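Novice: First, the structure itself, so that you have it in front of you.
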Amino acid sequence: MQAISADQVIRAYGVHEAAASIHSGEEFWIETSDWYDGQVRSSEDLRDALDRSRFGPCTGPVAVQGAKPGQSLRIEVLAIEMGRS
């Protein structure tokens, strides 16, 4: 099973090179971060003091082999694990 780590992150929408390529129906694992990219560790970590350039990390993108522009793709989330930091 392919694993896509959180270090393969994009922070701007648009066209990006795929972090991984999968086949339709293939299961894969994606590691992600929260909106603040792990900067909030306690109630003392105030939003105004955080590095805004790290906000909104997105792991990916993932290419689906054979998919064509304009097609709708369906995914099934099989599990979510929290707190792997």
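The values are calculated or read from the model by the stated rules, or taken from the named source; none is laboratory data. Owing to the predicted nature of the structure, the values given are computational and were not obtained by experimental measurement. So basically every Cβ, Gly included, is an ideal-geometry build from the backbone, and we count neighbours across all protein chains shown. The protein model used for the area step is the full one, side chains on, heavy atoms only, and it has no ligands, DNA or RNA in it. Shrake-Rupley method; radii C 1.70, N 1.55, O 1.52, S 1.80 Å.
Novice: Under the condition of being within 12 Å of the chain's Cα centre (by Cα) and open to solvent by less than 50 Å² (accessible area, probe 1.4 Å), which residue from the stretch 19-38 is farthest from LEU78 (Cα to Cα)?
Specialist: Restricting to residues being within 12 Å of the chain's Cα centre (by Cα) and open to solvent by less than 50 Å² (accessible area, probe 1.4 Å), the top hit is ASP37.
Conditions (1) modelled with pLDDT of 90 or more; (2) not in a loop (DSSP other than H, G, I, E, B), marked per residue:
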residue: ASP7; (1), (2): no, no
residue: VAL15; (1), (2): no, no
residue: ALA18; (1), (2): yes, no
residue: SER21; (1), (2): yes, yes
residue: GLU26; (1), (2): yes, no
residue: TRP29; (1), (2): yes, yes
residue: TRP35; (1), (2): yes, no
residue: SER42; (1), (2): yes, no
residue: ASP45; (1), (2): yes, no
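Novice: How about the stretch 25-40: which of its residues are of a type in the set (D, E, K, R) and at negative phi?
Specialist: GLU26, GLU27, GLU31, ASP34
Novice: Here's something else I'd like to know. Restrict the check to the stretch 63-81 and report whether at least one residue is closer than 18 Å to ILE4 by Cβ, touching a strand residue (DSSP E or B) at 6+ places or on another chain (Cβ under 8 Å), loosely packed, with under 12 Cβ neighbours inside 10 Å and not aliphatic (A, V, I, L, M). Steps first, please.
Specialist: Our first condition is that a residue be closer than 18 Å to ILE4 by Cβ; within the stretch 63-81, this holds for 63-65, 67, 73, 75-81.
From what is left, the residues that are touching a strand residue (DSSP E or B) at 6+ places or on another chain (Cβ under 8 Å) are 63-65, 73.
Imposing the further condition that a residue be loosely packed, with under 12 Cβ neighbours inside 10 Å reduces the set to 65, 73.
Filter again for not aliphatic (A, V, I, L, M), leaving 65.
Within the stretch 63-81, one or more residues are closer than 18 Å to ILE4 by Cβ, touching a strand residue (DSSP E or B) at 6+ places or on another chain (Cβ under 8 Å), loosely packed, with under 12 Cβ neighbours inside 10 Å and not aliphatic (A, V, I, L, M).
Novice: Quickly run through the stretch 50-73 and pick out the residues that are of a type in the set (A, V, I, L, M) and in a loop (DSSP other than H, G, I, E, B).
Specialist: Within the stretch 50-73, LEU50, ALA67, LEU73 meet the criteria.
Rundown of residues vs (1) among the hydrophobic types (A, V, I, L, M, F, W, C); (2) in contact with a Ser or Thr (Cβ under 8 Å, 6 or more places away or on another chain), yes/no style:
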| residue | (1), (2) |
| --- | --- |
| TRP29 | yes, no |
| THR32 | no, yes |
| ASP37 | no, no |
| SER43 | no, no |
| ASP48 | no, no |
| ARG52 | no, no |
| GLN71 | no, no |
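Novice: Any idea which residue in the stretch 39-61 is surrounded by the fewest Cβ atoms within 10 Å (Cβ to Cβ), counting only those that are among the polar types (S, T, N, Q) and under 16 Å from ALA12 (Cα atoms)? Before the answer, list the steps.
Specialist: Within the stretch 39-61, the first condition is being among the polar types (S, T, N, Q), and the residues that meet it are 39, 42-43, 53, 59.
Right, trim to under 16 Å from ALA12 (Cα atoms) and you get 53, 59.
Details: SER53: 8, THR59: 18.
Restricting to residues being among the polar types (S, T, N, Q) and under 16 Å from ALA12 (Cα atoms), the top hit is SER53.
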